[in-house]
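All of the numbers you see were taken from the coordinates with simple rules; none came from a lab. What you see is a predicted model, and the numbers here were worked out from it, not measured in a lab. For neighbour counting, all protein chains shown are included, and Cβ atoms are generated from backbone atoms with ideal geometry for every residue, glycine included.
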Amino acid sequence: MFKRLADAGSAVAITVDGKPVAARAGDTVAAALIAAGIDHCRTTPVTGAPRAPYCLMGVCFECLVTVDGVGSRQGCLVPVREGMKVETQLGRREAGR
Amino acid sequence: MVAEYDVAVVGGGLVGVATAWGLAREGCRVVVLDEGDRAVRASRGNFALVWVQSKGLGLAPYAGWTIRSSNAWGGFSDLLKQETGLDVSFQRPGGFHLCLSEKELEARANILKRLHNQPGIVDYKTEILDHDQVKKMLPDIGREVVGGSFCPLDGHVNSLRLFRTLHTAINARGVTYLPSHRVDNIVKEGGEFRLTTEHGEIRAAKVALAAGNANMRLAPMVGLEAPMKPERGQIVVTERLRPFMNHPVVTLRQTDEGTVMIGDSKEESVDPSGLTVGVSATEAERAVRQFPLLANVNVVRTWSAIRVMTQDGFPIYDESPTHPGAFTVCCHSGVTLAANHALIIAPMIARGSLDKSLVAPFSARRFHVQEAG
Amino acid sequence: MTAASDLASSYDLVIVGGGPAGLAAAALAARAGVSTVLFDENPGVGGQIYRAITSTPVKDRAILGEDYWDGAALAADAKASGALIVNGATVWSLDREKIVGVSVGGKARMIAAKRVIIATGSQERPFPIPGWTLPGVMTAGGAQTALKAQGLVTQGRTVMAGSGPLLWLLAAQTLRAGGKIDAILDTTPRRNWAMAMFHLPDFMLSPYFAKGLSLLREVRAKVPVHRADTIEAVGKDKLTEVVFANGSVERRLPADLLLLHQGVVPNVNLANAAGVAHTWNDRQLCFVPVLDADFGSSVPGIAVAGDGAGIAGGTAAAERGRIAAIAAVRALRPEATLPDTQAIRQKLQREEMGRAFLDWLNRPADAFRRPEGETLACRCEEVTAKQVRDTARMGCEGPNQMKAFLRCGMGPCQGRLCGLTVTELIAAERGTSPEQVGYYRLRPPVKPITLAELASLPISEAERKAVER
């Protein structure tokens, strides 16, 4: 869906559901996900429908993911960090994480 | 002259629509007169418990009345489901009151003791449990929970869905629902009630006042009274979570949709738009102490609502001595008592008189008896 | 990096939002000697129009265009002004007493302000078509953000759809960056020209006229443009094709990415929760705050500047921010030397000149604002247009009762993606106006905070007693 312009920033290694993803400095989690071509980042708590980042500006809450063990983070507002563990969020969040 | 309606129900909240549905089931032609979208509306802000424990301290018959409704609730929700296809998710797994200090637990035990010692009280089945006993039933409680009280009769429901379901049910039964019809005046003329609203006059043979705190203003128009003492409560609600608790707590419950409601504050304010952050903070702090796994959960909304509260906290059911056909249906616990309102009070109103053997203790005349005493 | 604990307990002026309005306001107020803090939830300042202005990896200035780079001076000026600028700071509460609830790095604080300028800008108007929740469907603004902030450009089979200047700008920027666009579906209703024509003379005098024409030419030379009066995103778990029709002729385009846009509307959540009165703007088809000439709202001491005050674009937003800041400085520090307000107002007037034409021309069609059937009105709680319409017909006459009945607006986005749709659907079903119907009554937190953050806030004895009884 998206490709990077040649002059994008330096590499930042994160994992998404345990698989390595090459993010770049300046990426938000949501941007890293769409750059990596990941289809969806969560399923809804109502019907389980798949969803992906939609507005990338903090408004729609479609990019909710688990970041370093904390659920329901807005991926488009969280900058990536070396070693960050991102997990797709399936249905309702589990209390305690 | 024949009135347009058999009964005009004033108020489109839970008490009003439960009564209207009950009246429609009795074959009455019913109109519900409601306020607009921004009405002060406890039915949109309540905590959705069908609650028994601690009801009735100071008026023993209230305990029996509450248990009666709690017992009728299952059948009531089945009837609603048959008529509308909507499931209000009534559950009655028993509920808790949790205490965060020995002092709180002692105070709790005291209240229950005073309640039980009243003459004529029904058996409540409420017991005091220590931390370990509570933990068996609520495994995620925090260490600070020293214990609590448990009542197997307590339950909860999805009250917003109940609200929608009752509206759907009255709609299906042909009840006329008129929003933005705040009632300004009521007179009885030519054997019928004439209710003045911004959008014209409504005529009905009987009138049931179910307007919450506004009953205080309306009741004197038909020779009744409803002394009220509104108060503000605040609720904090979280995002949807996977199920983690099987019993509601009086201050914290997980809805069937997964959200966690946290509440039960009490402030002397009638401004529904105000929200005291420190009150929400206290509710949040206690919730995290009760269930530490909630610490990182997102709060998606807080709100305040004005409780419908009579001056002594107990319901008022009355029929007018001076304006026959006028009734008050007025109480705080519009969810818990919905079954009684639909299945007991409404048929009485349809018949034209209240059954004293059931509701005499709830007449507003009690306020004068106390004054005289 | 400023942490929550670094913040003072009070500031003379709190500005919410680091777009053009917020940056311009912060620079002016700080230079006039007012203690000023600007909170912005993004990793860097610039807002959406100047997104990532200090960090963008897009070095070829031609790609984003010169208008984008105007933001650099604004950001630099604000930084040099002495205003405290805090990024990664989410403002989740504001009340009539001007107490600001803000979270930074997972820690919440309550900050007292003497004056507040809400500069939270705009968001894209909801575009509720069948399939708009499918992965592979995004907003054009989202794609533009990815381009500005991360240098991401569309690839694969890409369709853009909608109306309004941003759609064409994104198309041009995408093409300049080497991206491919398979088709643009233009949803601008033809009859809009009738109203827009009245305002064409003004528009021709505005700076947008020449820019707009050249942008259209640039895009149309390279991308097929189709008219569409219905659009559907189709796919099982992700987008596979876009189905559109112009009149009775239906066409199908295989697609990996559909970018939707039909204009922007004020982001009203914070102002609404603070109790600021709003009114329906029928030209822009959205709620806007009721404001005085200095952008002061109905709540004393709270101003709303920038596109949050009604859509006028980025350059106008900066001027509006300056006017609001001047009013704040006058109230806080009457002795301060201030720039010439008249000159700023004149500039603002020039900027706003072409707006009526753009608004009337790009007014989205009814069908794209008032969906039918199983199309989701509320994405979060998955409430369909049919449910909203049926419930309105049953007697539900307002969005707050609708929310109670159907849960629309109760999800994490708190009505941002369904509010206007629900209001317009109710108005349509009940034969009344959106002004009459009104909007959701919003409550804090307007952005989610954790229970632990809420629990950490100061509690008075009376507040504790209200709960512990």
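For the reader, a short list of remarks on this structure follows.
- Estimated 222 nm signal from helices in chain C, with DSSP H stretches of n ≥ 4 weighted -39500 (n - 2.57), rounded to 500: -10000 deg cm²/dmol
- The simple spin-label model puts a point 7 Å past each Cα toward its Cβ; for A:Ala6 and C:Leu216 those points are separated by 3.5 nm.
- Shielding by partners - mean other protein chain Cβ count within 10 Å, residues of C:152-162: 3
- Shown for chain C: cysteine residues without a partner Cβ closer than 4.7 Å, namely C:Cys286, C:Cys380, C:Cys396, C:Cys413.
- Taking label points 7 Å from Cα along the Cα-to-Cβ direction, B:Arg29 and C:Thr2 give a separation of 6.7 nm.
- Computed per residue of chain B from DSSP H runs no shorter than four, each worth -39500 (n - 2.57), the mean residue ellipticity at 222 nm is -8500 deg cm²/dmol.
- Packing rank of B:338-344, A:84-90, C:97-103, C:423-429, where each peptide gets the mean count of other beta carbons within 10 Å, highest leading: B:338-344, C:423-429, C:97-103, A:84-90
- Neighbour net charge for C:Lys238 - beta-carbon separation under 10 angstrom, K R +1, D E -1: -2
- Taking 23 Å as the straight-line reach from the Cα of B:Lys206, the lysines in range (excluding those fewer than 8 positions away in the same chain) are B:Lys188, B:Lys356.
- Rounded to the nearest 500, the helix-only mean residue ellipticity at 222 nm of chain A stands at -2000 deg cm²/dmol, with each DSSP H run of n ≥ 4 adding -39,500 (n - 2.57).
- Distance (nanometres) between label positions extended 7 Å along Cα→Cβ at B:Asn110 and B:Arg351: 4.3
- Note on the stretch A:11-90: with charges restricted to the Cβ of Lys and Arg (+1) and Asp and Glu (-1), its dipole about the Cα centre is near 40 debye.
- Amide H contacts of C:Val290: C:Ala277, C:His278, C:Thr279, C:Ser298, each under 5 Å away and 5 or more positions distant or on a separate chain (H built 1.01 Å from N in the peptide plane; Pro and chain starts excluded).
- Fewest-first sequence of C:Met160, B:Met309, C:Met394 by Cβ atoms within 10 Å of each Cβ: C:Met394, B:Met309, C:Met160
- Highest average packing first - B:79-86, B:91-98, Cβ atoms within 10 Å: B:91-98, B:79-86
- What the Cβ-Cβ distance of B:Arg217 and C:Ala73 gives, at R0 = 45 Å and to the nearest 0.05, is a FRET efficiency of 0.15.
- Distance between the stretch C:14-53 and the stretch B:119-191 - C-alpha centres, whole angstrom: 48
- Among beta bridges that DSSP assigns inside chain B, antiparallel share in %, nearest 5: 75
- Note that the stretch C:166-174 has calculated 3J(HN,Hα) couplings of 4, 4, 6, 5, 4, 4, 5, 5, 5 Hz, one per residue in order, obtained from phi through the Karplus relation 6.51 cos²θ - 1.76 cosθ + 1.60 (θ = phi - 60°); glycine and proline are x.
- Taking amide H atoms as placed 1.01 Å from N in the peptide plane, the amide H of B:Thr310 lies under 5 Å from those of B:Lys229, B:His332, each 5 or more residues away in sequence or on another chain.
- Those lysines that a straight Cα-Cα span of less than 22 Å connects to B:Lys125, excepting residues fewer than 8 apart in one chain: B:Lys55, B:Lys113, B:Lys135, B:Lys136
- Of all lysines in the structure, the ones whose alpha carbon falls short of 22 Å from that of B:Lys81, not counting any fewer than 8 places away in one chain, are C:Lys386, C:Lys403.
- Label zone at B:Asp271 (point 7 Å along Cα-to-Cβ), backbone N below 17 Å, the stretch C:296-332: C:298-302
- Averaged over the residues of peptide C:91-103, the number of Cβ atoms from other protein chains lying within 10 Å of each residue's Cβ is 1.
- Between the Cα long axis of helix B:277-290 and the first principal axis of chain B there is an angle of about 50°, rounded to the nearest 10.
- Inter-chain shielding of C:405-414 (mean C-beta neighbours from other protein chains, 10 Å cut-off): 6
- Coupling constants for the stretch C:92-104 follow from the phi torsions by the Karplus curve (6.51 cos²θ - 1.76 cosθ + 1.60, θ = phi - 60°), and in residue order they are 10, 8, 8, 10, 5, 7, 6, 8, 9, x, 9, 10, 10 Hz; glycine and proline get x.
- Packing, taken as the mean count of other beta carbons within 10 Å per residue, orders the peptides A:68-76, C:54-62 from highest to lowest as A:68-76, C:54-62.
- Ordered by the count of other Cβ atoms within 10 Å of each Cβ, fewest first, B:Glu106, A:Glu62 give B:Glu106, A:Glu62.
- The H on the amide N of C:Ala89, modeled in the peptide plane, is under 5 Å from the matching H of C:Asp40, C:Glu41, C:Asn42, each at least 5 residues off or on a different chain.
- Per-residue Karplus couplings for the stretch C:308-319, computed as 6.51 cos²θ - 1.76 cosθ + 1.60 with θ equal to phi - 60°, are listed in order as x, 8, x, 6, 9, x, x, 5, 4, 4, 4, 5 Hz, Gly and Pro entered as x.
- Cβ-based exposure ranking for C:Val45, B:Val250, in which fewest neighbours within 10 Å come first: B:Val250, C:Val45
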